[in-house]
Amino acid sequence: MTNIAFFDTKPYDKVWFDHFSGEYQAEITYFESKLTHKTAPLAQGYEVVCAFVNDTIDEQVIEDLYQGGVRLLAMRCAGYNNIDFKAAFGKIHIVRVPAYSPYAVAEHAMALLLSLVRQTHHSYVRTREFNFSLNGLVGFDLHGKTIGVVGTGKIGRVFIDICKGFGMRVLAYDPYPNKSVPVDYCSFEELCSESDIISLHCPLTEESFHLINRESIAKMKEGVVLINTSRGALVDSQALLEGIRSKRIGGAALDVYEEEAELFYEDRSSTILDDDILMLLISMPNVLVTSHQAFLTKEALQNIALTTLKSVESYEKGDVMEHEICYQCDTCHNVTGQRCF
Ligand code: NAD
C-alpha cells in the first residue's frame, strides 16, 4: 500500500480517487486544508503528496515535505506554475496530469462566451423573478466574427474546432506554431488588432505573465470580448478593469483570476472580500466570473484520478513516469528510459 497525503480535498475529488484507490493499492488520507507552509507538516511520514493548482509549493514547502519523507508530488492538474522546480530537483519527483479532458475546458470557454454575448446570466436572473422583458439583452451573432486563440495546444485546438463549428474566422498566436493545426497563425499584435473575441489557452510562464496588459488592450478592437480559462496572471486585472471602464473591452469572462488562490473554491458569501478589483469586476454587467471550474466534468475527474494513481504506481515500481516534469527538462520526455534523478 502506498500512503498518499491528499491536500485541498473537495467532495468531488474523492469520488474517483476512492473508486480507483483499491485497484492501485493506494491508502489516501484526505486533508481539506490547502498545502501551505503551515500545513506541510501534515505530510510527515507520507512518501507521496497529491496537490492542486492553488497550493503553495515553494522552496520552503518543498524542503519541509522532503525532510518529512515525501519523495513524489503528484499534481492532479495540468498547469504547474505554482511549483518551485529548482528546489524540488534531486529531492522530490513531480508528476502532473497533462491532459484529462481538453473538451471540459474548451467547452467551458465556449459556454462562457455564449452566456456573455447572449446575456444568458442576466436572462436567468430576470425570469426567476418573472421579469420577461428583453430590454437591454441584445447580443451579437458569433457566426462571421473573428476570434483570436492564444495558445494552440490541446485545449486551444479543441476550442478552435468548436469556433469553426460556429462559422467563426479563427486566428491564432503561439510562439511554437503547430503545422497540423488547421488555423491561420499570426503575430500577437495582429491577433489583438483583428479579433472581435480573444480567448487565452496558453500556460502561465515568465513570458506570458500579464500578456493582456494596458499596451496590448490599447491595440484591441473597440468592444473586444476577452475569455480567460487558462491562468489568472495572464491578465493584468487592473488594466482589464480600466479597459472595461473605457469600453475598449466590451465583455470579459474569467474562469481564473490572478489573486484567486486565497478566494476561489470556497464559499465566501458571508465575508467582505479584501479584493477591490475582483469585487468591481464581478459588479460589472458585462463581466462573468466562474471559480476555476472549467476542468470540472465527471470525465475529467475520472481521468485525473486514474492518471494520478497510475503515476504513483509507476513511481512505486521504480518505472519511468510518463508524466514527470522537472527543472532539468521541463516536461520530461523520458527518451533515455531513465528517471531524471
Ligand atoms: P498545452 O501545453 O497542450 O498547450 C499550451 C500551448 O500554449 C502550447 O501550444 C504552447 O506552445 C503555447 N504557448 C506557450 N507559451 C505561450 C505564449 N507565451 N503565448 C501563446 N502561446 C503559448 O496546454 P493545454 O492542455 O492546452 O492547457 C492550456 C492551459 O490551460 C494550461 O497551461 C492551464 O494553465 C490551463 N488550464 C486551465 C484549466 C481550468 O480549469 N481553468 C484546466 C486545465 C488547464
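What follows draws every value from the coordinates through simple rules; no lab data is involved. Just so it is clear, the structure is predicted and the values come from calculations on it, not from any experiment. All Cβ positions, even for glycine, are placed from backbone atoms using ideal geometry, and neighbour counts span all protein chains on display.
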Might you report the magnitude of the Cβ-based charge dipole of the range 253-292 about its Cα centre, with Lys and Arg at +1 and Asp and Glu at -1, to the nearest 20 debye?
-> 240
Multiply the residue separation of D161 and D319 by 0.36 nm, subtract the distance between their alpha-carbon atoms, and state the gained length in nm to one decimal.
-> 53.2 nm
Quick one: grab the alpha carbon gyration tensor of the range 62-151, order the square roots of its eigenvalues as a ≥ b ≥ c, and give me rounded if a/c is under 1.5, else prolate or oblate depending on whether a/b is larger than b/c.
-> prolate
Could you pull out the trypsin sites (Lys or Arg not before Pro) across the range 147-189 that fall in loop regions by DSSP (anything but H, G, I, E, B) with no more than 16 other Cβ atoms inside 10 Å?
-> K179
Over the Cα atoms of the chain, how large are the radius of gyration and the largest Cα-Cα distance (Dmax), in Å?
-> 21.1, 65
Angle between the chain longest axis and helix 11-21 axis [Cα atoms, degrees, rounded to 10] | 40
Theoretical gain in end-to-end length, K179 to E59 [0.36 nm per residue, Cα-Cα removed] | 39.4 nm
Output row, site K86, 7 Å Cα→C-beta label point, backbone N cut-off 13 Å, window the range 17-43, residues none
Most exposed first, judged by fewest Cβ atoms within 10 angstrom, F132, F52, F341, F7 run F132, F341, F52, F7
Could you work out the helix-only [θ] at 222 nm for the chain, with each DSSP H run of four or more residues adding -39,500 (n - 2.57) and the total divided by the number of residues, to the nearest 500 deg cm²/dmol?
-> -9500 deg cm²/dmol
The chain - share of DSSP beta bridges that are antiparallel (%, nearest 5) = 10
Of all trypsin sites (Lys or Arg not before Pro) in the range 216-261, which ones are in loop regions per DSSP and have a Cβ with at most 11 other Cβ atoms within 10 Å?
-> K247
What percent do you get for the relative contact order of the range 173-291 when only Cα pairs under 8 Å and 6+ apart count?
-> 22
If you take the charge dipole of the range 1-102 about its Cα centre, with +1 on Lys and Arg Cβ and -1 on Asp and Glu Cβ, which of A88, Y46, S101 is farthest toward its positive end?
-> S101
Would you work out which of T308, N286, H323 lies farthest towards the positive end of the dipole of the range 280-341? Charges go on Cβ: Lys and Arg +1, Asp and Glu -1.
-> N286
Pairing the Cα long axis of helix 298-317 with the longest principal axis of the chain, what angle in degrees results, from 0 to 90 and rounded to the nearest 10?
-> 30
If you stretched the chain out fully between E32 and R248, how much longer would it get, using 0.36 nm times the residue separation minus the C-alpha to C-alpha distance?
-> 73.6 nm
Using alpha carbons only, how many degrees (0 to 90, rounded to 10) separate the axis of helix 102-118 from the longest principal axis of the chain?
-> 20
For V117, V150, ascending order of other Cβ atoms within 10 Å (fewest first) is V117, V150
Would you mind ranking V15, V183, V320 so that the residue whose beta carbon has the fewest other beta carbons within 10 Å leads the list?
-> V15, V320, V183
Could you give the size of the charge dipole of the chain about its Cα centre, using +1 on the Cβ of each K and R and -1 on the Cβ of each D and E, expressed in debye and rounded to the nearest 20?
-> 940
Roughly what would the spin-label model give for E189 and E129, points 7 Å off Cα along C-beta, in nm?
-> 4.7
Between Q293 and K10, what is the spin-label point distance in nm, taking each point 7 Å from the Cα along the Cα→C-beta axis?
-> 0.8
